[in-house]
Amino acid sequence: AYVIGAARGGGQGQVVNLDVRRRVASVALPGLPHLGSGISWRHGDRTVLATPNLKEGVISVIDMQTWKEIRRIPTPGPGFFLRSHEHSRYAWVDSMMSPARDTLTVIDKATLEPVARLTPAPGKTVAHIEFTRDGRYALASVWEDDGALIIYDADKLVEVKRIPMRKPV
C-alpha cells in the first residue's frame, strides 16, 4: 500500500500511500539511501524498513507505522546491497562503496546490532548477498576477475564452500 522514494541529496524520503494516492509522511534519511536494496521484517509488534546508504557507512532502520527512523546501524563504509531471508535472524550488508569493500556486516534483526564482520577475500570487493530458497545458506560474490561465489551457513555465519568464478553477480 506504500511506496517510499528519495531524491539525490534531498536528505529525506517521501512516503506515498497508493490507496489514497498522496504523500502521507516524510522520513529523514541521511546521505543517499539505496531504497531499491531496502528490506523489511517484523520487529516486535511492528514492521521495519532498513536501507543501506551509498554515501555513508550506515543502515537506516525505519518504523513503518510512524515512519520515523528508530536506529542507525554503523557499517565500515557505504554499502550497496542489504539482504535477508524470512527464515534468517540476520540481515547482511556489504561496504562495497568504500575502502572496506572487502567486508560484510551481519546484523541481528531482533537487536538491530551488528553481530559479525566477515572479510572472506581481503582487499577484494565482496558484495551482493543472496539466499538459497530455504534460507539455510547465504551466497556472497567476490566481484573480481579471480573471484568466487562464497557459500555461508546463514545461521552459524561460517563459510562452507568457495566456488571460483570470474566476477559472479
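The values are calculated or read from the model by the stated rules, or taken from the named source; none is laboratory data. Everything numeric in this text was worked out from a predicted model, so none of it was measured. Positions of Cβ are backbone-derived with ideal geometry, glycine not excepted, and every protein chain shown enters the neighbour counts. Surface accessibility is based on the protein's heavy atoms, side chains included, excluding ligands, DNA and RNA. Shrake-Rupley method; radii C 1.70, N 1.55, O 1.52, S 1.80 Å.
Would you confirm, using the coordinates I've provided, whether VAL160 is closer than 25 Å to GLU69 by Cβ and not in a loop (DSSP other than H, G, I, E, B)? Against the criterion (closer than 25 Å to GLU69 by Cβ and not in a loop (DSSP other than H, G, I, E, B)), VAL160 does not qualify. Where residues in the range 109-121 are open to solvent by 30 Å² or more (accessible area, probe 1.4 Å) and within 16 Å of VAL158 (Cα to Cα), which of them is nearest to the chain's Cα centre (by Cα)? Going through the qualifying residues, I end up with PRO114.
Residue count for the range 63-82 under the criterion of being under 14 Å from LEU35 (Cβ atoms), open to solvent by 10 Å² or more (accessible area, probe 1.4 Å) and either without any contact (Cβ under 8 Å) to a residue 60 or more places away in the chain or not in a loop (DSSP other than H, G, I, E, B) (or both): the result is 4. Just one residue in the set ASP153, ASP145, ASP134 is among the acidic types (Asp, Glu) and open to solvent by less than 70 Å² (accessible area, probe 1.4 Å); that residue is ASP153.
Residues in the range 95-111: is at least one within 23 Å of GLY5 (Cα to Cα) and without any contact (Cβ under 8 Å) to a residue 40 or more places away in the chain? Yes.
The residue list SER26, SER60, SER37 contains one member that is touching a residue at least 24 places away in the same chain (Cβ under 8 Å), open to solvent by 20 Å² or more (accessible area, probe 1.4 Å) and polar (S, T, N, Q), which is SER26.
Among the residues making up the range 39-56, those that are within 24 Å of GLY9 (Cβ to Cβ), in a strand (DSSP E or B) and not small (Gly, Ala, Ser) are ILE39, LEU49, THR51, ASN53.
Filtering the range 102-112 for residues that are touching an Asp or Glu at 6+ places or on another chain (Cβ under 8 Å), under 14 Å from ALA127 (Cα atoms), modelled with pLDDT of 95 or more and not β-branched (Val, Ile, Thr) leaves a non-empty set. The condition of being of a type in the set (Lys, Arg), surrounded by fewer than 13 Cβ atoms within 10 Å (Cβ to Cβ) and over 21 Å from ILE107 (Cβ atoms) holds for only one of ARG42, ARG8, that being ARG8. Based on what the data block shows, is LYS167 assigned to a loop (DSSP other than H, G, I, E, B), free of Cβ contacts under 8 Å to residues at least 40 places away in the same chain and open to solvent by 70 Å² or more (accessible area, probe 1.4 Å)? Judged against the criteria, LYS167 is a match.
Filtering the range 66-108 to residues that are among the acidic types (Asp, Glu) and under 10 Å from the mean Cα position of the chain (by Cα) leaves only ASP94. Scanning the range 91-100 for residues that are surrounded by fewer than 21 Cβ atoms within 10 Å (Cβ to Cβ) and either among the hydrophobic types (A, V, I, L, M, F, W, C) or touching a strand residue (DSSP E or B) at 6+ places or on another chain (Cβ under 8 Å) (or both) yields a total of 1.
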